[in-house]
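One structure below.
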Amino acid sequence: MASSAAVTVRAPVLHAPAQDHLQFLPDALIEVGADGRIERVAAAETADLTRPTTVLPRGRVLVPGFVDLHVHAPQWPQLGTALDVPLERWLQEYTFPLEASYRDEAFAARVWDELVPGLLAEGTTTAVYYATVHRAATRSLAEACVRHGQRAFVGRVAMDHPDATPPDYRDASAAAGIEASAASIEDVRTVDAGRGLVRPVITPRFAPACTDALLSGLGDLAAATGALVQTHCSESDWHHGYAIERFGRRDLEALAEFGLVRPHTVLAHATKLPDEDLDAVARSGACIAHCPLSNVSFGNGVFPARRALARGVRVGLGTDIAGGAHSSVLRNAAMALDVSRLLDDGVHGAPGERGGVAGSRLDATTAFWLATRGGAEAVGLDVGCFEPGRPFDAVALDLTSLPTPTVDRDHADLDAELLAERIVRLAGARNVETVWVAGRCVRSAGSSVPSGR
Ligand code: GUN
Ligand code: FE
């Protein structure tokens, strides 16, 4: 079993307890109890010297683990490739054939055993996963999360619409899809076995792939089980227009009528929502997974993250592996900053004619918060910052290998916001040295720590 039990870590600590509040503690001590929860965060000079303490070497900074709100686990083998066609063709030509191959349980298990450690190596301590339509592959993804010690939501994909899905990769009927989804919730709860690490999520893929009967049955299942829901919402012009044509209303309104827009429901992308819909999302308590890298390929636009946050919408970040071409939450945080600048200024033409939307810029503190506490809060988890009572999900970053000017290699005279900006824009997997989830060290110095559980 990987090291659990009480740990105390001494390090410089950077975290964002709120969207506009970054805190840097240059020499802090975090005491974690045997239950994996933080007991105390204090300045190091108040150390209880009787406790064994992990002192991080010079040049390291401890940050909260990253939260990825949108990952298609079976698309891992095509990460970084196959983005040359729009969403509706990409699904049919590349993605459904790949996902169908997870009927082979041995193949599925092999991929999960690369994917989960691969994401931990990026510092992703929480992932919200779409698995496939297969119950067995979904269950084995949950098992892989437990085995490697990653916090996760794991969802069996439900899809039954004969017009938008291939015959060899869909639920046989709405009733079969609802039944398999209900059984999969139980599978995931059984695999978690009360650890509180891995949870089920009801996963209607998106409206075009689901009949009305499936969508409403899954809305009922959500109400009956209290399980989280995730789906895609108005991801692209095509997806947005499809909903209006089929339902006579926008995608969000249709999903809400099916009972799928609930507190903490994860709506992926939502690039096309008018303010009226953003307000409805805010009222519902659902959240939006902002996937800026994926939006470049499929989104036909930039999600207005700052506007959504200002209207009270819960927002976090998603890689959208493999519609997004990289597995790093930090890279998506940097991308969120960059695309918000493009949205603000517009992209082509004379000033005033570029289509910019003034007031759209995100700041580095918000980007850092989205990658950590914002994402956690969006799905109702109490991780994402360092406070007593919260589970200790953390990443030690080795900043000595950042590609920064040698003149301030120590990062010592940076203020908190500059340090957050440097981490968001420049850090990646090569800087991730140690990863803890619920107080357990699950990855250390470039190698994973198998739990044997
Ligand atoms: N819409 C329906 N399925 C998918 C998917 O797998 N990826 C993305 N980005 N959008 C989708
Ligand atoms: Fe997606």
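The values are calculated or read from the model by the stated rules, or taken from the named source; none is laboratory data. Keep in mind it's a predicted model, so treat the numbers as computed, not measured. As a convention, Cβ positions derive from the backbone with ideal geometry for all residues, glycine included, and neighbour counts pool all protein chains shown. Areas reflect the complete protein model, heavy atoms only, side chains present, ligands, DNA and RNA absent. Shrake-Rupley method; radii C 1.70, N 1.55, O 1.52, S 1.80 Å.
For residue 135, indicate whether it is in contact with an Asp or Glu (Cβ under 8 Å, 6 or more places away or on another chain), at pLDDT 95 or above, of a type in the set (D, E, K, R) and farther than 21 Å from residue 328 by Cβ. Yes: the conditions hold for residue 135.
When the residues of segment 219-235 are filtered to those that are under 18 Å from residue 139 (Cβ atoms) and either part of a helix (DSSP H, G or I) or open to solvent by 10 Å² or more (accessible area, probe 1.4 Å) (or both), which remaining residue is farthest from ligand 1 (Cβ to nearest atom)? I'd like the intermediate steps shown before the answer.
Initial filter on segment 219-235 (under 18 Å from residue 139 (Cβ atoms)): 221, 225, 227-228, 230.
Cutting the leftovers down to either part of a helix (DSSP H, G or I) or open to solvent by 10 Å² or more (accessible area, probe 1.4 Å) (or both) gives us 221, 225, 228.
Numbers: 221: 20, 225: 23, 228: 18 Å.
Within segment 219-235, the match that is farthest from ligand 1 (Cβ to nearest atom) is 225.
Screening residue 264 with (1) open to solvent by 10 Å² or more (accessible area, probe 1.4 Å); (2) within 23 Å of residue 329 (Cβ to Cβ); (3) away from ligand 1 (no atom under 12 Å from the Cβ); (4) touching a Ser or Thr at 6+ places or on another chain (Cβ under 8 Å) gives one miss only, at (4).
Tell me, yes or no, whether segment 69-87 has at least one residue that is away from ligand 2 (no atom under 16 Å from the Cβ), of a type in the set (Gly, Ala, Ser) and out of contact with any Cys (no Cβ under 8 Å at 6 or more places or on another chain). Looking for residues that are away from ligand 2 (no atom under 16 Å from the Cβ), of a type in the set (Gly, Ala, Ser) and out of contact with any Cys (no Cβ under 8 Å at 6 or more places or on another chain), one finds none in segment 69-87, hence no.
Please find, among 152, 144, the residue that is touching a residue at least 12 places away in the same chain (Cβ under 8 Å), assigned to a helix (DSSP H, G or I) and either at positive phi or open to solvent by less than 10 Å² (accessible area, probe 1.4 Å) (or both). Spell out how you get there, then give the answer.
Numbers: 152 fails: assigned to a helix (DSSP H, G or I).
On inspection, the qualifying residue turns out to be 144.
Matching residues to (1) in a strand (DSSP E or B); (2) at pLDDT 95 or above; (3) among the aromatic types (Phe, Trp, Tyr); (4) open to solvent by less than 70 Å² (accessible area, probe 1.4 Å):
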{"position": "5", "(1), (2), (3), (4)": "no, no, no, yes"}
{"position": "26", "(1), (2), (3), (4)": "yes, no, no, no"}
{"position": "30", "(1), (2), (3), (4)": "yes, yes, no, yes"}
{"position": "34", "(1), (2), (3), (4)": "no, yes, no, no"}
{"position": "40", "(1), (2), (3), (4)": "yes, yes, no, no"}
{"position": "49", "(1), (2), (3), (4)": "no, no, no, no"}
{"position": "62", "(1), (2), (3), (4)": "yes, yes, no, yes"}
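Within segment 305-326, the set of residues being in contact (Cβ under 8 Å) with a residue 40 or more places away in the chain and surrounded by fewer than 23 Cβ atoms within 10 Å (Cβ to Cβ) comprises 306, 307, 309, 325, 326. State whether the residues of segment 269-283 include one that is under 13 Å from the mean Cα position of the chain (by Cα), open to solvent by less than 10 Å² (accessible area, probe 1.4 Å) and within 13 Å of ligand 2 (Cβ to nearest atom). Yes, segment 269-283 contains a residue that is under 13 Å from the mean Cα position of the chain (by Cα), open to solvent by less than 10 Å² (accessible area, probe 1.4 Å) and within 13 Å of ligand 2 (Cβ to nearest atom).
Any residue at all in segment 278-287 that's in contact with a Gly (Cβ under 6 Å, 6 or more places away or on another chain), over 29 Å from residue 175 (Cβ atoms) and not β-branched (Val, Ile, Thr)? Please lay out each step first, then the result.
We begin by selecting, within segment 278-287, every residue in contact with a Gly (Cβ under 6 Å, 6 or more places away or on another chain); these are 282.
When the remaining residues are screened for being over 29 Å from residue 175 (Cβ atoms), the result is 282.
Filter again for not β-branched (Val, Ile, Thr), leaving 282.
Yes, segment 278-287 has at least one match.
Within segment 112-137, work out how many residues are part of a helix (DSSP H, G or I), away from ligand 2 (no atom under 16 Å from the Cβ) and open to solvent by less than 10 Å² (accessible area, probe 1.4 Å).
Filtering segment 112-137 for residues part of a helix (DSSP H, G or I) gives 112-121, 135-137.
Checking the rest, the ones that are also away from ligand 2 (no atom under 16 Å from the Cβ) come to 112-114, 116-118, 120-121, 135-137.
Now narrow it down to the ones that are open to solvent by less than 10 Å² (accessible area, probe 1.4 Å): 112, 116, 120, 137.
Count: 4.
Residue count for segment 82-110 satisfying the condition of being closer than 28 Å to residue 139 by Cβ and either open to solvent by 50 Å² or more (accessible area, probe 1.4 Å) or out of contact with any Gly (no Cβ under 9 Å at 6 or more places or on another chain) (or both): 19.
Given the options 160, 168, name the one that is of a type in the set (D, E, K, R), open to solvent by less than 20 Å² (accessible area, probe 1.4 Å) and in a loop (DSSP other than H, G, I, E, B). Break it down stepwise before answering.
Working: 168 fails: open to solvent by less than 20 Å² (accessible area, probe 1.4 Å).
Going through 160, 168 in turn, the sole match is 160.
Residue 206 passes every criterion in (1) of a type in the set (Phe, Trp, Tyr); (2) open to solvent by less than 20 Å² (accessible area, probe 1.4 Å); (3) farther than 18 Å from residue 288 by Cβ apart from (3). Is segment 376-383 home to any residue that is touching a Phe, Trp or Tyr at 6+ places or on another chain (Cβ under 8 Å), in contact (Cβ under 8 Å) with a residue 60 or more places away in the chain and either surrounded by 19 or more Cβ atoms within 10 Å (Cβ to Cβ) or aliphatic (A, V, I, L, M) (or both)? Yes, there is a match, as at least one residue in segment 376-383 is touching a Phe, Trp or Tyr at 6+ places or on another chain (Cβ under 8 Å), in contact (Cβ under 8 Å) with a residue 60 or more places away in the chain and either surrounded by 19 or more Cβ atoms within 10 Å (Cβ to Cβ) or aliphatic (A, V, I, L, M) (or both).
Going residue by residue through segment 434-450, is there one that turns out to be at pLDDT below 90 and assigned to a helix (DSSP H, G or I)? No, because not a single residue in segment 434-450 is at pLDDT below 90 and assigned to a helix (DSSP H, G or I).
Quick one: which residue in 184, 216 is part of a helix (DSSP H, G or I), away from ligand 1 (no atom under 15 Å from the Cβ) and buried (at least 22 other Cβ atoms within 10 Å of the Cβ)?
Numbers: 216 fails: buried (at least 22 other Cβ atoms within 10 Å of the Cβ).
Among 184, 216, only 184 is part of a helix (DSSP H, G or I), away from ligand 1 (no atom under 15 Å from the Cβ) and buried (at least 22 other Cβ atoms within 10 Å of the Cβ).
Condition first: touching an Asp or Glu at 6+ places or on another chain (Cβ under 9 Å), on the phi < 0 side of the Ramachandran plot and within 16 Å of ligand 1 (Cβ to nearest atom). Can you find one or more residues in segment 113-127 that meet it? Looking through segment 113-127, at least one residue is touching an Asp or Glu at 6+ places or on another chain (Cβ under 9 Å), on the phi < 0 side of the Ramachandran plot and within 16 Å of ligand 1 (Cβ to nearest atom).
Among all residue pairs at least 6 apart or on different chains, which show Cβ distances below 7 Å where the first residue, located in segment 8-19, is farther than 11 Å from residue 56 by Cα and the second is open to solvent by 30 Å² or more (accessible area, probe 1.4 Å) and acidic (Asp, Glu)? Once the first residue is farther than 11 Å from residue 56 by Cα and sits in segment 8-19, its partners that are open to solvent by 30 Å² or more (accessible area, probe 1.4 Å) and acidic (Asp, Glu) give 17/387.
State all residues of segment 187-203 that are part of a helix (DSSP H, G or I) and either within 16 Å of ligand 2 (Cβ to nearest atom) or open to solvent by 10 Å² or more (accessible area, probe 1.4 Å) (or both); if no residue qualifies, say none. Lay out the reasoning, then the answer.
We begin by selecting, within segment 187-203, every residue part of a helix (DSSP H, G or I); these are 187-192.
Result: 187, 189, 190, 191, 192.
For segment 284-300, a residue qualifies if it is open to solvent by 30 Å² or more (accessible area, probe 1.4 Å) and touching an Asp or Glu at 6+ places or on another chain (Cβ under 8 Å), and the qualifying residues are 293, 300. A residue that is among the aromatic types (Phe, Trp, Tyr), within 16 Å of ligand 2 (Cβ to nearest atom) and either within 23 Å of residue 361 (Cβ to Cβ) or open to solvent by 30 Å² or more (accessible area, probe 1.4 Å) (or both) occurs somewhere in segment 236-251.
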